[in-house]
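Read the structure below first, then the notes.
No value in this document is a laboratory result; all are computed from the given coordinates. Not measured: the values here are computed from a predicted model. Note: ideal-geometry Cβ built from the backbone for every residue, glycine included; neighbour counts use all protein chains shown.
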Amino acid sequence: MPFAPPVRLADLLASEGLGLRLVAGGPGADLHGVHTSEMADPFPYLLGGELLLTAGVPFQLGQTGPERFVARVAEAGAAALGFGVTPVYDTVPDALVAACERHGLPLVEVEPGTPFAAVARAVWRLMTEARHHELRRVADGQRALAAAAARPDPVPAVLHAVAVRLEGRAVLYTPEGGEYAADGRELTPDEDAALTRLVRRVAGAARRPSSAADSTGGTRLVAYGLGTGRGLTLGLATARRDEAVQRIAETAMVLLSLLTAPHQGADEATRSAALVRLLLGAAPEDVAPLLGEAPWTVVHARGGGPGAPPPALGSPLVDAAADGTVRALLPAGREPAPYPGWSLGASGPAAPGDLAAADAQAARAL
């Protein structure tokens with residue numbers, strides 16, 4: 001279901017033609033929906049964040065009193081209570097006003113002649129308008145990030161664009177935890193320490209990309225591991241918590257993953273150079289540094305059925321044999337992910353000169 005941003009109670013109070021009046025509490029509540037109930041205890045039927053509308057029938061029938069009713073509504077997490085005067089009551093009961101003040105629940109008087117359905121329609125109209133506004137923000141933010149990614153120095157440009165949109169801080173961290181690039185407002189010591197902890201947690205995750213989030217002092221902190229193989233992590237700090245901010249942040253994460261990933265053409269050229277050197281008589285230990293840092297793990301995979309594509313073992317160094325066996329070289333320490341329908345066998349870490357023995361070990365493990 002598409003996200004629906006909440007609307008402020010103040011915006012509903014300002015709606016023309018409804019005759020709504022705030023008689024208790026403040027207008028700053030966020031409304032996530034609207035519900036009508038004449039039950040003595042509506043608690044089981046509320047999700048939280050609603051404007052609950054009632055005419056006070058349970059009070060008139062003696063099924064409950066204002067104090068217990070308001071206590072249960074507040075406990076359920078309702079955002080505000082709307083009371084319709086007439087036909088049951090001519091005015092909002094003083095006891096109801098006092099109970100709402102005690103429990104911190106905003107109380108709105110709905111004037112005679114205003115149907116509850118009209119109030120509900122106004123809430124949904126405001127939510128629709130808020131959703132359209134959020135979607136425009138997301139689209140504008142994504143366009144700004146795309147334009148930044150096309151600049152001559154795209155990584156700092158994207159960090160600047162996302163920091164502006166989030167009204168906060170954007171930092172790209174190295175695998176060691178240092179700042180690769182950054183933009184936006186300076187973090188407080190507490191914010192910096194909390195974001196650093198998140199970055200360490202993400203950097204130590206077994207699989208990337210991954211993410212972690214936290215809050216401190218009203219600031220939302222998020223760390224995204226970029227799935228580029230370089231161990232970079234994007235850290236963000238913002239006081240905003242709406243859905244548009246999350247979507248803009250995720251767009252920035254994807255763009256930075258693409259911008260910081262090794263260029264595929266260069267990787268293919270390096271592998272071609274390694275193959276040529278082997279064909280011309282170079283020793284494996286002399287060629288291996290072109291392909292990455294030793295030691296290596298040899299992985300064998302078998303299964304998938306006739307014509308099945310080879311499993312994505314997390315390495316471009318893959319050999320698919322005619323008998324259906326797939327062999328791959330992975331940097332030691334990176335475990336191959338399970339692949340449905342395939343059986344895997346792996347060697348221990350091996351130096352380039354010991355890869356033949358590691359190949360035999362992986363075959364036995366399979």
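Among Trp124, Trp342, Trp296, which comes first, second and so on when ranked by fewest other beta-carbon atoms within 10 Å? Don't jump to the answer; show the numbers that get you there.
Values: Trp124 13, Trp342 17, Trp296 25.
The order, fewest Cβ neighbours first, is Trp124, Trp342, Trp296.
Semi-axes of the equivalent ellipsoid for the chain, please: Cα gyration tensor eigenvalues, times 5, square-rooted, ordered largest first, whole Å. Intermediate results must be reported in sequence, preceding the final value.
Working: eigenvalues 734, 113, 64 Å².
After scaling each eigenvalue by five and taking roots: 61, 24, 18 Å.
What three numbers, in Å, describe the spread of the alpha carbons of region 151-260 along their principal axes, ordered from the longest?
Taking max minus min along each principal axis of the Cα atoms, region 151-260 gives 33, 32, 24 Å.
According to the square roots a ≥ b ≥ c of the eigenvalues of the Cα gyration tensor, what is the shape class of region 52-128, taking rounded for a/c under 1.5, prolate for a/b larger than b/c otherwise, and oblate for the remainder? If you can, show how the numbers build up before the last one.
Numbers: a/c = 2.01, a/b = 1.25, b/c = 1.61.
Oblate.
Using Cβ contacts closer than 10 Å as the measure, can you line up Ser215, Ser37 from fewest to most? Intermediate results must be reported in sequence, preceding the final value.
Working: Ser215 13, Ser37 17.
The fewest-first ordering by Cβ neighbours comes to Ser215, Ser37.
What is the fewest-to-most order of Thr251, Thr64, Thr128 by other Cβ atoms lying within 10 Å of their Cβ?
Numbers: Thr251 21, Thr64 16, Thr128 13.
Listed from fewest to most nearby Cβ atoms, that is Thr128, Thr64, Thr251.
Helix-derived [θ] at 222 nm for the chain: sum -39500 (n - 2.57) over DSSP H runs of at least 4, divide by residue count, nearest 500? Intermediate values should be presented prior to the final figure.
Values: 11 runs with 140 residues, N = 366.
My calculation for the chain gives -12000 deg cm²/dmol from helical runs alone.
Calculate how steeply helix 243-260 sits against the longest principal axis of the alpha-carbon atoms of the chain, using the helix alpha-carbon long axis, and give the answer as 0 to 90 degrees to the nearest 10.
On a 0 to 90 degree scale, this one is about 10.
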